[in-house]
Structures are given as structure tokens and as C-alpha cells.
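Down below is the structure, laid out as C-alpha cells.
Rule-based calculations on the coordinates, nothing more; no lab input. This structure is a prediction, so every number in the text was calculated from the model and none was measured. Here the Cβ is made from the backbone with ideal geometry for all residues, glycine too, and neighbour counts use every protein chain on show.
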Amino acid sequence: MEHIINQLADELLTAEKSCQPVAPITERYSELTDTDAYQIQLKIMESKLAAGRTVIGKKVGLTSKAMQQMLGVCEPDYGHLLDDMAVANNGSVQTNGLLLPKVEAEIGFVLGADLVGPNINYLDVLMATEYVVPTLEIIDSRIADWKIKLVDTVADNGSSARVVVGDQHTRLDGLDLRTVGMALYKNDEEVGTGAGAAAIGHPAHAVAWLANKLHAFGISLKAGELILPGALSGAVAVCSGDRVTARFGALGSVSVTFL
């Protein structure tokens with residue numbers, strides 16, 4: 001199994017660098033488990049860290065019931081955020097470095113203290129959070145044509161590609177994230193709406209799930225890291241020339257342009 005894990009990690013790294021997707025992993029290796037897929041992801045992270053990248057945070061995916069039902073799973077998944085994935089607010093992303101990108105809007109958590117599982121709850125998350133920020137996650141799949149199941153997306157770092165972080169920092173005092181609304185626009189046309197409750201009822205629940213899930217792999221959430229707790233509406237496909245903006249009311253807004 002270790003040979004297969006190493007092989008698939010190499011395949012996905014090459015696919016990302018070359019922008020040439022690979023055939024779905026689950027169609028070729030039906031015996032792989034979720035744990036095997038996380039080992040592939042961690043092997044990819046080892047290679048990237050050895051090449052000089054640094055971890056700036058983590059992301060949670062599959063937090064909506066609709067997405068879980070579509071992939072036949074009953075819990076979210078996660079991926080890593082690295083320094084070369086960060087894009088400045090109102091910045092731009094070159095589409096020729098991606099395959100089939102899509103954009104999701106999320107309430108990002110920036111931690112002021114470590115969160116170490118296995119018994120973290122959402123109140124622990126709220127107490128450990130320094131502030132929240134409006135974010136756009138640009139997802140992309142190194143699996144051909146987004147033909148993914150859970151093992152495919154987990155191995156592929158949760159289908160993560162870039163993250164755009166807004167400029168406004170908002171502390172949680174007196175703020176109920178469940179009712180924070182979001183409107184997503186592509187080229188000034190509204191293409192999605194949602195609220196914080198879309199992420200497992202409260203985005204802090206998603207962060208708590210992540211801290212507890214990572215404990216099994218000897219990983220914790222660190223102070224200063226950015227944690228993305230899941231999308232507040234469906235992912236929107238983008239191409240060169242598109243501009244995407246998410247407005248989160250009192251939390252501010254965040255934008256990116258695709259070139």
C-alpha cells in the first residue's frame with residue numbers, strides 16, 4: 001500500500017505542476033480508504049514543505065448536507081493551505097496555472113491560540129479565535145473533469161488551489177456567525193447567497209471537527225493559522241476575465257480577478 005500511496009502522491013504533484021489531470025483514483029484503486037487518501041495528502045505536503053513551502057492554515061470541505069449526499073459521505077474532509085496559495089484581496093489569479101477552477105465564499109477564522117484535539121468543541125474554537133475575515137477559496141481538481149469521490153478529493157488536498165483573504169478583521173464579541181449573511185457575485189451578477197449556518201450549523205463546529213479529526217494524524221491547529229470552515233453557498237465556475245466578489249455585510253468583502 002505504501003508504494004501506491006507514494007505513486008499517487010507523485011501523480012498528483014505532477015498533475016498540479018503540468019496542469020494535466022489524472023484519471024480518477026477511485027476508478028483505479030477501489031480498495032483505498034479515507035485514511036489512505038489522507039496519507040497521500042500528507043505525502044504531498046511533505047514534498048511541498050521539503051521544497052520550501054510553509055503551512056498557513058487548513059480548510060474544511062464537504063460541510064453541506066447536499067455535498068455529503070452527493071459523494072455518499074457523512075462527514076466533512078480537509079486540506080492544507082500553503083503560502084504559495086495566498087492571493088491578496090483585489091488581486092488576480094492566472095487561470096493558465098489551474099485546470100477547472102471554481103470559487104467558494106467562506107468566513108475565515110484566524111486563531112489566536114492553538115487548538116489540539118480530540119475533545120475540542122465550538123466554544124473552544126470561539127475562545128481561541130483572534131478574529132474572522134471574509135475569504136474566497138479557489139478550488140480546483142487535479143482529477144480529470146471533477147469526477148471525484150471522497151478518496152479522490154481528500155488525496156488531492158481537498159481540491160484546494162488558492163485562497164483570497166479580505167482586509168477587514170472582525171472580532172467575535174457579540175457576533176453570531178450563524179446569521180452572518182453572504183452574497184456572491186460574478187461580474188456584478190449575484191450567483192449565490194448563504195449564511196454562516198450553512199457550515200454544519202455554525203462555522204465554529206467545522207473548525208472543532210477539524211481539530212478533532214487532525215488529532216488522529218498527530219496534527220493540531222496553530223495560533224496564527226487561517227482556517228476555512230466550509231462554503232456558504234455552491235461553488236461557481238470561473239474562467240479568464242471573470243471577477244468574483246463576496247460581500248459578508250458587517251464582516252466586509254473580498255474580491256479576485258481571473259486573468
Once Ala113 and Gln94 are pulled to full extension, the length gained, defined as 0.36 nm per residue separation minus their Cα-Cα distance, is 3.4 nm
Counting only residues 5 or more apart in sequence or on a different chain, those whose built amide H sits under 5 Å from that of Leu82 are Ile56
Counting Lys and Arg as +1 and Asp and Glu as -1 over every other residue whose Cβ sits under 10 Å from the Cβ of Lys59, the net charge comes to -3
Expected sort for 187-198, 243-254 on mean C-beta neighbours within 10 Å, highest first, is 243-254, 187-198
Subtracting the Cα-Cα distance of Glu130 and Arg53 from 0.36 nm times their residue separation yields 25.3 nm
